[in-house]
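Student: Sharing a structure here in structure tokens format.
The values are calculated or read from the model by the stated rules, or taken from the named source; none is laboratory data. The structure presented is a predicted model; accordingly, all values stated were derived computationally and were not measured. Here the Cβ positions follow ideal geometry from the backbone for every residue, glycine too, while neighbour counts run over all protein chains shown. What goes into the accessible areas is simple: the full protein's heavy atoms, side chains included, and nothing from ligands, DNA or RNA. Shrake-Rupley method; radii C 1.70, N 1.55, O 1.52, S 1.80 Å.
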Amino acid sequence: MNKVVNGADEAIRDIEDGMTLMVGGFGLCGLPENCIAALVRKGVKELTCISNNAGVDDFGIGLMLKQRQVKKMVSSYVGENAEFERQLLSGELEVELIPQGTLATRCMAAGYGMPAIFTPAGIGTEVAIGKEIRNFNGKDYLMEMAFEADFAIVKAWKGDTMGNLVYRATARNFNAVMAMAGKVTIAEVEELVEPGELDPDHIHTPGIYVHRIFQGEKYEKRIEQRTVRKRV
Amino acid sequence: MLDKEGIAKRIAKEIKDGYYVNLGIGIPTLVANYLPKNIDVVLQSENGLLGMGPFPFEGEEDADVINAGKQTITMLPGSAVFDSAMSFGMIRAKKVNLTILGAMEVSENGDIANWKIPGKMVKGMGGAMDLVASADNIIVAMQHVNKAGESKLLPNCTLPLTGVHCVKKIVTELAVLDVLPGGGFKLLERAPGVSVDEIIKATAGKLVIEGDVPEMIL
């Protein structure tokens with residue numbers, strides 16, 4: 001069950017114009033940097049990207065926005081990107097804003113084989129417009145559908161050749177839920193190891209969910225908000 | 001009148017021993033600096049962490065360790081990390097005892113608006129809609145009036161809503177107020193040096209005042 005491919009370009013070879021991609025990460029934390037760079041090189045267009053954020057101007061999905069590769073963003077928060085704002089205001093880019101928990105849980109539902117979930121997030125707001133509402137035990141819930149994505153692109157800390165993944169600290173975020181949700185899941189890792197080197201008790205994403213895996217060439221791991229305290 | 005630090009300091013007194021707390025961006029983040037020393041509190045960050053600690057020392061920043069505001073932070077001993085679905089799972093399941101967040105407007109029946117201003121670039125609701133829809137215990141930290149001098153405590157919100165009937169308590173630079181279950185802002189405390197009249201003038205929604213209103217102790 002060897003899932004290893006020869007780098008990012010091979011991993012994304014059959015991603016085509018108009019497809020829907022899930023892209024893991026939270027802000028710039030846990031971004032699949034090498035796959036994003038390969039998508040920019042390939043120049044594939046008209047993409048729908050399901051991703052919590054839209055990167056910054058010169059990193060993350062921002063690099064794909066700059067090349068006009070994205071038709072639609074499905075996100076919870078998109079604040080940090082001037083080019084994004086320009087494309088949105090000019091009508092070149094479509095954006096669907098979704099509560100963060102709903103976004104995560106719609107990914108989870110796809111990975112658990114459930115067609116829909118019920119959540120109270122958005123009840124009484126414009127998010128609820130046009131959606132089915134069900135009352136359970138006196139409280140209203142919105143029915144939200146599981147996502148469908150042609151590809152999920154995630155980044156893990158370590159992975160083995162069978163696709164088992166381990167994330168590090170808060171870089172787990174959306175990566176672990178999106179990894180379960182793609183029709184095809186591509187995982188890039190900082191360190192690729194042989195089967196048996198990862199403790200089965202410590203696997204976060206079982207390899208059955210992962211179709212292709214490779215070790216990223218390099219990781220910049222950029223920090224969006226560098227906050228520190230002084231030593232006393 | 002309180003400054004932002006003062007609002008944070010007053011809110012910190014609402015946090016009880018054993019609480020798991022989610023702090024929003026802005027004034028709520030400052031609350032972490034004033035947690036009472038003698039109690040056990042765990043901070044939840046909705047990007048997937050329980051046990052958030054202070055900012056790292058210079059040179060020890062780790063790109064993999066951030067909070068929901070994308071700031072570099074540290075993880076305290078006993079921390080746990082998890083994915084985004086589980087993070088909102090524990091919020092939805094009411095495991096998080098207290099949520100503190102900012103607001104643009106709050107209505108007298110507890111509705112909150114804090115994510116969108118028509119005509120301006122909309123950045124998104126992030127996790128705010130999930131938090132306000134599920135938490136039983138929500139404290140809003142905000143200024144009593146906006147930059148134009150208009151009250152932010154209203155009969156009804158004018159901005160697009162984030163959630164309905166959810167805010168329980170509000171702490172502003174002028175006062176501490178409870179949102180009554182039947183509607184209305186009950187004035188509990190005045191900020192140091194602030195008169196009841198000043199609070200009445202700054203509150204557009206229904207204000208309930210019973211007896212003497214004490215000055216808050218910080």
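Student: How much length would be gained if the chain were fully extended between A:Arg86 and A:Lys221, taking 0.36 nm per residue of separation minus their Cα-Cα distance, in nm to one decimal?
Tutor: Result for the pair: 46.0 nm of gain on full extension.
Student: Give me the orientation-averaged projected area of the Cα convex hull of chain A, in nm², one decimal.
Tutor: The directionally averaged projection comes out at 15.7 nm².
Student: So what are the ³J(HN,Hα) numbers for the stretch A:101-112, from phi and the Karplus equation (6.51, -1.76, 1.60; θ = phi - 60°), rounded to whole Hz, Gly and Pro as x?
Tutor: x, 5, 4, 5, 6, 5, 5, 4, 4, 4, x, 9
Student: Relative contact order (percent) for chain B, with alpha-carbon contacts under 8 angstrom and 6 or more residues of separation?
Tutor: Relative contact order comes out at 19 percent.
Student: Can you give the longest stretch of chain A with no exposed loop site, where a site means GluC sites (Glu not before Pro) in a DSSP loop (not H, G, I, E or B) with at most 16 other C-beta atoms within 10 Å?
Tutor: By the stated rule (loop sites, at most 16 other Cβ atoms within 10 Å), A:149-196.
Student: Okay, next question. Excluding residues fewer than 8 places away in the same chain, name every one of the lysines whose C-alpha is closer than 16 Å to that of A:Lys221.
Tutor: A:Lys155, A:Lys158, B:Lys70
Student: Between A:Gly27 and residues 5 or more places away or on another chain, which pairs have amide H atoms under 5 Å apart, with H built 1.01 Å from N, and which residues are they?
Tutor: Residues meeting the criterion, in which the H sits 1.01 Å from N, are A:Asn53.
Student: Follow-up. Straight-line reach from B:Lys13: which lysines fall under 24 Å, measuring Cα to Cα and dropping same-chain residues less than 8 apart?
Tutor: B:Lys4, B:Lys37, B:Lys94, B:Lys95, B:Lys152, B:Lys168, B:Lys169, B:Lys186
Student: Let me ask you something else. Work out the FRET efficiency for A:Arg68 and A:Thr161 from their Cβ-Cβ distance, taking R0 = 45 Å, and round it to the nearest 0.05.
Tutor: Efficiency, from the Cβ-Cβ distance: 0.80.
Student: Ratio of alpha-carbon Rg to the 2.2 N^0.38 Å globular estimate for the stretch A:95-178, to two decimals, please.
Tutor: The stretch A:95-178 yields a ratio of 1.30.
Student: If one takes the accessible area of chain B alone plus chain A alone and subtracts that of the pair, with a 1.4 Å probe, what total in Å², rounded to the nearest 100, results?
Tutor: 4300 Å²
Student: Ok, one more. If you scale each eigenvalue of the Cα gyration tensor by 5 and take the root, what three semi-axes come out for the protein assembly as shown, rounded to whole angstrom and sorted largest first?
Tutor: 40, 23, 20
Student: Then there's this: How much of the DSSP beta bridge set in the protein assembly as shown is antiparallel, as a percent to the nearest 5?
Tutor: Antiparallel: roughly 40 percent of the beta bridges in the protein assembly as shown.
Student: To continue, here is another question. Would you mind giving the three semi-axes, in whole Å and largest first, of the ellipsoid equivalent to the stretch B:4-208 according to its Cα gyration tensor?
Tutor: In descending order, the three semi-axes are 29, 19, 16 Å.
Student: Turning to a different aspect of this structure: List the extent of the Cα atoms of the stretch A:1-124 along each of their three principal axes, largest first, rounded to whole Å.
Tutor: Here the spans come out as 46, 45, 26 Å, largest first.
Student: Give me the number: length gained by fully extending A:Arg229 to A:Asp140, i.e. 0.36 nm times residue separation minus the C-alpha to C-alpha distance, one decimal in nm.
Tutor: Residue separation times 0.36 nm, minus the Cα-Cα distance, leaves 27.7 nm.
Student: Which aspartates and glutamates have a Cα lying under 12 Å from the Cα of A:Lys42, excluding residues fewer than 8 positions away in the same chain?
Tutor: Partners within reach: A:Asp9, A:Glu10, A:Asp14, A:Glu16, A:Asp17.
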